[in-house]
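I have placed the structure first, in the form of structure tokens, so that the comments after it can refer back to it.
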Amino acid sequence: MALRGANQDVGRPFNRRIVLETIRLDGPIARMEIASKIGLTVQTVSTIVRELERDGLLVSSRATPVGRGVPPARLTINPAGGHAIGIQITPREISGSLVNLGGEIVAHRRLEAVRLEPDQAFAAIGEIVGDLRSRDPATWLLGVGLVVPGPFGVESMSFTGSTTLAGWAGVDIGKHLQNVTGLPSFIETDTAAAALDEQFHGYGTELEDYYYLFFGYGLGGTMVHRGEVLRGHWGNAGEIGHLPVVPDGELCSCGNRGCLELYVSLEALQRRGGGEEEWVDDVAPVFARAVRSIENLFDPQTVILGGIAPPRLLARLAATTASLGNALGARSDRTVPRILVARGGPNSVLRGAATLAVNGVLAPNGGRAFSKMQPVRPEELQ
């Protein structure tokens, strides 16, 4: 959807977000180009730009003059103008990163933590956030984004089993997060957060429709269409981990047998033991079946394989699909491969978590294209 401003005083806060988001997405860009894109006057844009420069959120540069006249100043986001914190909880660890507005991780903490109770986990998160925010106390800290394994709100699948935060059902995660950090807080699935990072820093800048297949301790997925996650009625569309792929296979914590993540996930690899190469060879037919199912269900331009697994393992798994067989993705007019390895690497989840906070505070729509839950802000708890 095109960004459009409002030429009335009542729209000033919204216009500020519109201008900032336009620069973030399209910079380097000149004031006149911004005005043309979002339907504001050049004078209004210039006033907002001066405010944003004063707040340290923008930097400007000029090209070397060629001939007469001075080229217009072109604006970009100042990476050091602010930071956000991304936190990830898995069944095995808690990680946190301080991320600047350019998407660069400037500090990182990791705590090995096997199946912590919620109170223990949030105490650890408070310690991690306190440490990270002390690394650069002078800059604006926008907020914190926390990601956890999905799906949400499904009694037989949420917070049950070895690949999720078992025992966390009913925990008000957003309120706990805000209480221990005092920051605007945003909650999301790890899958959608990684897809968000890919949208800004990976293949999402080039593709309109892709399915992001998240390889973690479990297996998740989400379809992204023109920058938005396709949620489904209850918000969990694309969660492929519980797709039954092996008739009468292993018993899953959800109560069904033969679910995909029992065979293709870090948990499955660790349970199996042995070498990665042997495991990849064994699960290749199951993985190919899953990719064909994704193609037939969602018809994406490509399937992007990412998550927290080591890039070498993702590349090895993707290489097994050289001959996928027939599905909607088997087209002679393809311009991209049927499966790609995400560009973001294992840190994509933490960058995506931090981006939730950046979007929620700065973007015109509050980041709702990706944010599963509305932010919890300090004033809401008073």
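None of the figures in this text is laboratory data; all of them are computed from the coordinates on show. For clarity, every value in this text was computed on a predicted model and none was experimentally measured. Here the Cβ is made from the backbone with ideal geometry for all residues, glycine too, and neighbour counts use every protein chain on show.
Key figures
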item	result
Residue order, fewest to most surrounding Cβ atoms within 10 angstrom, among M157, M223	M223, M157
Restricting region 119-183 to trypsin sites (Lys or Arg not before Pro) in coil, as DSSP defines it, with at most 15 other Cβ within 10 Å	R135
Residues with amide H under 5 Å from that of W168, placed H, sequence gap 5 or more	none
All Cα pairs of region 59-139, percent lying beyond 16 Å	61 percent
C-alpha center-to-center spacing [region 264-312, region 339-362] in angstrom	21 Å
Highest-first arrangement of 72-85, 139-152, 113-126, where packing means the average Cβ count within 10 Å	139-152, 72-85, 113-126
Footprinting exposure proxy for C259, C252 (fewest neighbouring C-beta atoms within 10 Å first)	C252, C259
Over region 203-341 - Rg/Rh using Cα atoms and the Kirkwood inverse-distance radius	0.95
Phi to ³J(HN,Hα) by Karplus 6.51 cos²θ - 1.76 cosθ + 1.60 over region 305-316, Hz, x for Gly, Pro	9, x, x, 9, 5, x, x, 5, 5, 4, 5, 5
Cα radius of gyration and Dmax for the chain (Å)	22.0, 76
Region 154-170 - phi-based ³J(HN,Hα) in whole Hz, Karplus 6.51/-1.76/1.60, Gly and Pro as x	10, 4, 7, 10, 7, 6, 9, x, 6, 9, 10, 8, 4, x, 9, 4, x
Under the Karplus curve 6.51 cos²θ - 1.76 cosθ + 1.60, θ = phi - 60°, whole-Hz ³J(HN,Hα) for region 107-115, x wherever Gly or Pro sits	7, 8, 9, 9, 10, 5, 8, 8, 6
Amide H contacts under 5 Å for C259, placed H, 5+ residues apart	V245, C252
For the chain, calculated [θ]222 nm from helices alone, where every DSSP H run of n ≥ 4 adds -39500 (n - 2.57)	-10500 deg cm²/dmol
For A342, distant residues with modelled amide H under 5 Å away	L305, G306
Relative contact order [Cα under 8 Å, 6+ residues apart], the chain, whole percent	17 percent
Segments 233-245, 92-104 sorted - mean Cβ within 10 Å per residue, highest first	92-104, 233-245
